[in-house]
Amino acid sequence: MIDSENPGSSTIDSSGEQQLTTEQFEFHGNGSDYFRIWIVNLLFSILTLGIYSAWAKVRTKRYFYGNTELAGDRFEYLASPIAILKGRLIGVAALLAYSFAGYISIAAGWITFVLLLLLIPVFVVQSLRFNSSNSAWRGVRFGFDGDIVEAYQPYLVWPIVGVITLGLAYPYALLQANRFQFNNYRFGTTNSTTSVTAGGFYGIGFGVFFAAILAGFLTVLVDNAVLSLIEMAGLDELAESPESISLITTLSTLLVFYVCVVALYQALYYRLIFNRIEIGGNRVQNSISIEYVLVILSNTVLIILTLGFYYPWAAVRRARYVFSNMRLEATDLDSFTVGEFDHISAQGEEVGEAFDLGIGF
Amino acid sequence: MNELHGNWFDGVHSRSAPAKLRWSSVGVVVITDEGLQTGADLNMLKISSPLPDTPTRITFGEKESFVTGDETGVERLRESLALNPGLAGRIERHMPVVLAAAALVVAMLAGLAFRGVPALAARLAVTVPEEISAQVSGVLMSQLDDFLEASGIAPERREELERYFLSHGEVATIEFREAGIFGANAVTLGATMIAFSDELVELAESDEELLAVYFHELGHARLRHVEQNVFRASAWLVMLTVLTGDIGAVGEMLVGLPLSVGLAANTREFEREADAYAVDRLLEADLSPMHLATILQKLEAYHLRRRDQENSTDDGENGQTPDAGGEEDSISYSPLDYLSSHPPTEERVAYARSRMNEFE
């Protein structure tokens, strides 16, 4: 067990009582502004055959970070598009190598597969370092101190054990990954710590497992109900083929429940991890509820109905909901400092995020 | 007034100091509300590129930064530094231009998906060497064989048909199988292999009808439809991945739906091409295009019969649902037909009939 009581900070003045304030995260973005950015990103990415996507990513993240406020100040995303482009080129090269190796011979395919598998922890750590050191608040950068060698356990060994045990060890793998991340992040020179336990992740695992079973059961139930309703109403003579109705209802109910289960997992996950993080005596608090599932579900439906054009509003709506449920129980937010060492290394990791792994804050 | 209001960060402490930034033609000075002053040359400033409604970050050298939400003020500072907002920044500012960009994006994506990708796939498909096609068909056949039985047709009859087919057009391999649940059918597996089901051979009333089917399948093989399909599917997948990189897992599943609709549309287009090819070859061999029409009609009647049998065994209680003959036609017009892989039989028969004038 990792000691969660460790304040993990040397920068806090421990002179007497610390005053506790609750700082609410606020998201100020709006759909039509993000729509402008999104459409220009798409246009330029297509025109440049994908090269602009690195710049597009920076603009998107700058918009979302720049519109997230904590204690009066916005977050900042500082990555250079060139570093991201380099990382993406490496990622594409790795994937191409993998797909062509398979054509040369089966053995070559397997060797490349194993090599890529062995490289995953390297990519994960690179990505965590890159994303965190390019995120800042009040002019102070975040950082990640996790070691590549240590990353093999949470990102390779435990996931494999998870697969071998048919998912039984998978929550434990998630726990290891989460600890690796949140015990190694830092803001300035102050490290974050997490007090998550295996129990929390097993709770999520079982919750999601039973929700998925229930969803499968409900799909069959809804499908049958719709069919018999149609039959009762005598509509089956209007609609010529009952198979097509059945297919449509099955597909749409499956989609609805799939989205619900994924959203439920995310909500439970956020609630678990964002209530256990501490940094320099400040604690993150999260009150995401089942409402999150409704936000994601309605977003998904609207994205489908608008053939994708609702996406910018959906992304903004999701961010607004998530941040409206995030708070920081703050003791002192003014005393984080930057180490001398940081000025050199934080000027941008040379290799960006090789694969966009989507992990970070 | 050359002044901006915002917050000053020293880059060392996580303290935010409300401050004013003033600039002249040579330099800037930042004065915090507490009276602290920092100055710099104008050419040392770095200003983050403009984004709608997002605070601007102005940095001085290594550490210090000044953040302001005053967009018009920053615009003036940019002007005095002769910085332009960049093309993206300029487009984002004007909603009509943004909407034009959106229309352009839709047009380009549609053009790429419906013209670019098929053209590319057609070009690439012919470059696939026959050996690789043969390898792929071998794999596909062995997968199918899990559901199929060895042919029950007498070997002499099979050889006779094979000779007859090959005398009208070469293909590397012709296979016969008992198809069981799949019933009467024929498939093309890549450029080198065509397979017939016993049921189809039995359904046909003449060898000319079977030849018509063979020509249809040969059309698929010669026009490299299987290979084109593979290339189209992967090109679309790449497109979707590039486009939706940011959407996430749920989004990826959503974009999979149009992909399968697109593939179904593919196959219908390919069926038409293969029908046209079959009619051409029938005419070449001095045979009537009607052979294709009659076997298509027989196949449809056969599959409808099978479906009705299944339905009546399936729902014994609901047996009262009338299976009037008139309903059979309408089945091919159900809304989901857009998803089905073949064009309606009626349309295909009409096509064969329309080319009867070329036969005589």
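The values are calculated or read from the model by the stated rules, or taken from the named source; none is laboratory data. The shown structure was predicted, so the numbers you read here are calculated from the model rather than taken from an experiment. Neighbour counts are summed over all protein chains in view; Cβ atoms, including those assigned to glycine, are modelled from backbone coordinates with ideal geometry.
Out of the residues in segment B:131-161 that are over 18 Å from B:HIS220 (Cα atoms) and charged (D, E, K, R), which is farthest from the chain's Cα centre (by Cα)?
By that ranking, first place goes to B:GLU156.
So which residues in segment A:137-174 are touching a helix residue (DSSP H, G or I) at 6+ places or on another chain (Cβ under 9 Å) and of a type in the set (Lys, Arg), if there are any at all?
Scanning segment A:137-174 gives a single hit, A:ARG141.
Taking the options B:ALA186, B:ALA134, B:ALA102, B:ALA122, name whichever one is surrounded by 12 or more Cβ atoms within 10 Å (Cβ to Cβ) and closer than 16 Å to B:GLN228 by Cβ.
Working: B:ALA186 fails: closer than 16 Å to B:GLN228 by Cβ; B:ALA134 fails: closer than 16 Å to B:GLN228 by Cβ; B:ALA102 fails: closer than 16 Å to B:GLN228 by Cβ.
Criteria check complete, one pass: B:ALA122.
Check off (1) assigned to a loop (DSSP other than H, G, I, E, B); (2) at pLDDT 50 or above; (3) of a type in the set (Asp, Glu) for A:GLU350 and give me the number that stays unchecked.
(2)
Matching residues to (1) part of a loop (DSSP other than H, G, I, E, B); (2) within 13 Å of chain A (Cβ to nearest Cβ); (3) modelled with pLDDT of 85 or more:
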{"position": "B:ASN7", "(1), (2), (3)": "no, yes, yes"}
{"position": "B:GLY11", "(1), (2), (3)": "yes, yes, no"}
{"position": "B:ALA19", "(1), (2), (3)": "no, yes, yes"}
{"position": "B:VAL30", "(1), (2), (3)": "no, yes, yes"}
{"position": "B:LEU51", "(1), (2), (3)": "yes, yes, yes"}
{"position": "B:THR54", "(1), (2), (3)": "yes, yes, yes"}
{"position": "B:ARG57", "(1), (2), (3)": "no, yes, yes"}
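Whether any residue in segment B:65-75 is more than 9 Å from chain A (Cβ to nearest Cβ), surrounded by 15 or more Cβ atoms within 10 Å (Cβ to Cβ) and of a type in the set (Ser, Thr, Tyr) is what I want to check.
So far as segment B:65-75 goes, yes, one or more of its residues are more than 9 Å from chain A (Cβ to nearest Cβ), surrounded by 15 or more Cβ atoms within 10 Å (Cβ to Cβ) and of a type in the set (Ser, Thr, Tyr).
Looking at segment A:22-49 only, could you name the residues that are among the acidic types (Asp, Glu) and at the interface with chain B (Cβ under 7 Å from one of its Cβ atoms)?
First, pick out the residues of segment A:22-49 that are among the acidic types (Asp, Glu): A:23, A:26, A:33.
Scanning segment A:22-49 gives a single hit, A:ASP33.
Conditions: (1) out of contact with any helix residue (DSSP H, G or I) (no Cβ under 6 Å at 6 or more places or on another chain); (2) surrounded by 13 or more Cβ atoms within 10 Å (Cβ to Cβ); (3) within 14 Å of another protein chain (Cβ to nearest Cβ). A:LEU115 meets all but one. Number of the miss?
Result: A:LEU115 passes all but (3).
What about A:VAL256, is it under 30 Å from A:TRP313 (Cβ atoms), at pLDDT below 90 and either within 14 Å of chain B (Cβ to nearest Cβ) or within 26 Å of the chain's Cα centre (by Cα) (or both)?
Details: under 30 Å from A:TRP313 (Cβ atoms): yes; at pLDDT below 90: yes; either within 14 Å of chain B (Cβ to nearest Cβ) or within 26 Å of the chain's Cα centre (by Cα) (or both): yes.
Criteria met by A:VAL256.
Scan segment B:76-120 residue by residue and report those that are in contact (Cβ under 8 Å) with a residue 12 or more places away in the chain, farther than 30 Å from B:SER24 by Cα and facing chain A (nearest Cβ under 9 Å).
Start the filter on segment B:76-120 by keeping residues that are in contact (Cβ under 8 Å) with a residue 12 or more places away in the chain, which leaves B:76-78, B:80-81, B:83, B:85-86, B:88-89, B:92-93, B:109, B:112-113, B:117-118, B:120.
Still in the running and farther than 30 Å from B:SER24 by Cα: B:109, B:112-113, B:117-118, B:120.
Of everything in segment B:76-120, those that are in contact (Cβ under 8 Å) with a residue 12 or more places away in the chain, farther than 30 Å from B:SER24 by Cα and facing chain A (nearest Cβ under 9 Å) turn out to be B:LEU109, B:LEU112.
Residue by residue through segment A:248-291, note down the ones that are among the β-branched types (Val, Ile, Thr) and more than 15 Å from A:GLY200 (Cβ to Cβ). Outline the logic, then answer.
Residues of segment A:248-291 among the β-branched types (Val, Ile, Thr): A:248-250, A:253, A:256, A:259, A:261-262, A:273, A:277, A:279, A:284, A:288, A:290.
Selection gives A:ILE248, A:THR249, A:THR250, A:THR253, A:VAL256, A:VAL259, A:VAL261, A:VAL262, A:ILE279, A:ILE290.
Mind checking whether some residue in segment A:154-169 is within 24 Å of A:TYR65 (Cα to Cα), within 20 Å of the chain's Cα centre (by Cα) and touching a residue at least 24 places away in the same chain (Cβ under 8 Å)? Explain how you work it out, then say what you get.
First pass over segment A:154-169, keeping only residues within 24 Å of A:TYR65 (Cα to Cα): none.
No, segment A:154-169 contains no residue that is within 24 Å of A:TYR65 (Cα to Cα), within 20 Å of the chain's Cα centre (by Cα) and touching a residue at least 24 places away in the same chain (Cβ under 8 Å).
Out of contact with any Phe, Trp or Tyr (no Cβ under 9 Å at 6 or more places or on another chain), more than 14 Å from chain A (Cβ to nearest Cβ), surrounded by fewer than 19 Cβ atoms within 10 Å (Cβ to Cβ) and at pLDDT 75 or above: is that true of B:GLU205 in this structure? Talk me through it step by step, then tell me what you get.
Details: out of contact with any Phe, Trp or Tyr (no Cβ under 9 Å at 6 or more places or on another chain): yes; more than 14 Å from chain A (Cβ to nearest Cβ): yes; surrounded by fewer than 19 Cβ atoms within 10 Å (Cβ to Cβ): yes; at pLDDT 75 or above: yes.
For B:GLU205, the condition - out of contact with any Phe, Trp or Tyr (no Cβ under 9 Å at 6 or more places or on another chain), more than 14 Å from chain A (Cβ to nearest Cβ), surrounded by fewer than 19 Cβ atoms within 10 Å (Cβ to Cβ) and at pLDDT 75 or above - is met.
Inside segment B:184-208, can you point out the residues that are outside any helix (DSSP H, G or I) and farther than 30 Å from B:ALA122 by Cα?
B:ALA204, B:GLU205, B:SER206
So the check is Cβ under 8 Å with 6+ separation or different chains; which pairs have a first residue in segment A:59-78 that's within 8 Å of chain B (Cβ to nearest Cβ) and within 20 Å of A:PHE35 (Cα to Cα) and a second one that's outside any helix (DSSP H, G or I) and among the acidic types (Asp, Glu)?
A:THR60/B:ASP246; A:ARG62/A:GLU76; A:GLY66/A:GLU76; A:ASN67/B:ASP53
Can you spot a residue in segment B:247-257 that is modelled with pLDDT under 80, in a helix (DSSP H, G or I) and at positive phi? Can you show your working first?
At the first step, the residues of segment B:247-257 found to be modelled with pLDDT under 80 are B:247-257.
From the residues that got through so far, the ones that are in a helix (DSSP H, G or I) too are B:249-257.
Remaining after also requiring at positive phi: none.
No, segment B:247-257 contains no residue that is modelled with pLDDT under 80, in a helix (DSSP H, G or I) and at positive phi.
Is it the case that segment A:297-318 has a residue that's in contact with a Cys (Cβ under 8 Å, 6 or more places away or on another chain) and within 10 Å of chain B (Cβ to nearest Cβ)?
For segment A:297-318, residues in contact with a Cys (Cβ under 8 Å, 6 or more places away or on another chain) and within 10 Å of chain B (Cβ to nearest Cβ): present.
For segment A:193-220, which positions are in contact with a helix residue (DSSP H, G or I) (Cβ under 8 Å, 6 or more places away or on another chain) and hydroxyl-bearing (Ser, Thr, Tyr)?
Restricting attention to segment A:193-220, the residues satisfying the condition of being in contact with a helix residue (DSSP H, G or I) (Cβ under 8 Å, 6 or more places away or on another chain) are A:193-194, A:196-198, A:200-205, A:207-208, A:211-212, A:215-216, A:218-219.
Scanning segment A:193-220 gives A:THR193, A:THR194, A:THR197, A:TYR202, A:THR219.
What's the number of the condition B:ILE174 fails, among (1) outside any strand (DSSP E or B); (2) over 23 Å from B:HIS303 (Cα atoms); (3) over 29 Å from the mean Cα position of the chain (by Cα); (4) hydrophobic (A, V, I, L, M, F, W, C)?
Among (1) outside any strand (DSSP E or B); (2) over 23 Å from B:HIS303 (Cα atoms); (3) over 29 Å from the mean Cα position of the chain (by Cα); (4) hydrophobic (A, V, I, L, M, F, W, C), B:ILE174 violates only (1).
Find all pairs meeting these conditions: Cβ atoms under 7 angstrom apart; at least six residues apart or on different chains; first residue within segment A:281-304 and more than 16 Å from A:VAL316 (Cβ to Cβ); second residue modelled with pLDDT of 90 or more and acidic (Asp, Glu).
A:ASN282/A:GLU329; A:ARG283/A:GLU329; A:GLN285/A:GLU329
Filter segment B:33-49 down to the residues that are crowded, with 17+ Cβ neighbours inside 10 Å, within 13 Å of chain A (Cβ to nearest Cβ) and in a strand (DSSP E or B) and list them by number.
none
Residues of segment B:112-168 being at pLDDT 85 or above, of a type in the set (Val, Ile, Thr) and assigned to a helix (DSSP H, G or I), which ones?
Across segment B:112-168, the qualifying residue is only B:VAL117.
Identify, from the list A:LEU156, A:LEU128, the residue that is at pLDDT 85 or above, surrounded by 15 or more Cβ atoms within 10 Å (Cβ to Cβ) and farther than 29 Å from A:PHE336 by Cβ. Lay out the reasoning, then the answer.
On the way: A:LEU128 fails: farther than 29 Å from A:PHE336 by Cβ.
Only one candidate passes the filter, namely A:LEU156.
Of all the residues that make up segment B:186-244, how many are more than 27 Å from B:SER288 (Cα to Cα) and among the acidic types (Asp, Glu)? Give the derivation first.
Residues of segment B:186-244 that are more than 27 Å from B:SER288 (Cα to Cα), as a first pass: B:190, B:226-244.
Then drop every residue that is not among the acidic types (Asp, Glu), which leaves B:227.
Here the count works out to 1.
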